[in-house]
Amino acid sequence: ALLKLQPDVPLFHGVSERSKVWMSHGDRVVKLPGGYRSIASTDDLEVAAFADGDDKRFGVQFHPESVLTPEGKKMLSNWLNATP
């Protein structure tokens, strides 16, 4: 799938605006918890990734650890640097 990223999200610093990711399941987020927002979508999913208001907690609906997600290592590195 191709992610459509929201601007200025620490998880995606240095990641292409339309990054290719591997999604291997049909799960979907129907409603985000209070204080969370969508930070990425795809043509099929309104919420492909989400974050809390402080950009300290993230959730993704794809596999950043997979070689089929070319910029996944960058996302994981960003996550490690963004969390306390």
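The values are calculated or read from the model by the stated rules, or taken from the named source; none is laboratory data. None of the values given here were measured: they were computed from a predicted structure. Cβ sites come from the backbone with ideal geometry, for glycine too, and all protein chains shown count toward neighbours. Side chains included, ligands, DNA and RNA excluded: accessible areas come from the protein's heavy atoms. Shrake-Rupley method; radii C 1.70, N 1.55, O 1.52, S 1.80 Å.
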Condition first: open to solvent by 20 Å² or more (accessible area, probe 1.4 Å) and farther than 15 Å from L2 by Cβ. Now tell me which residues in segment 53-62 satisfy that. G53, D54, D55, K56, R57, F58
So for segment 63-75 (the condition being open to solvent by less than 50 Å² (accessible area, probe 1.4 Å), of a type in the set (A, V, I, L, M) and outside any loop (DSSP other than H, G, I, E, B)), does at least one residue qualify? yes
Pairs where the first residue, in segment 62-84, is without any contact (Cβ under 8 Å) to a residue 12 or more places away in the chain and of a type in the set (D, E) and the second is open to solvent by 60 Å² or more (accessible area, probe 1.4 Å) and in a helix (DSSP H, G or I), C-beta under 8 Å, 6+ apart: E65/L76
Just checking, does segment 33-52 include any residue being assigned to a loop (DSSP other than H, G, I, E, B), closer than 12 Å to L3 by Cα, among the hydroxyl-bearing types (S, T, Y) and in contact with a Phe, Trp or Tyr (Cβ under 9 Å, 6 or more places away or on another chain)? yes
Name the residue, out of V30, V47, that is open to solvent by less than 20 Å² (accessible area, probe 1.4 Å) and free of Cβ contacts under 8 Å to residues at least 24 places away in the same chain. V47
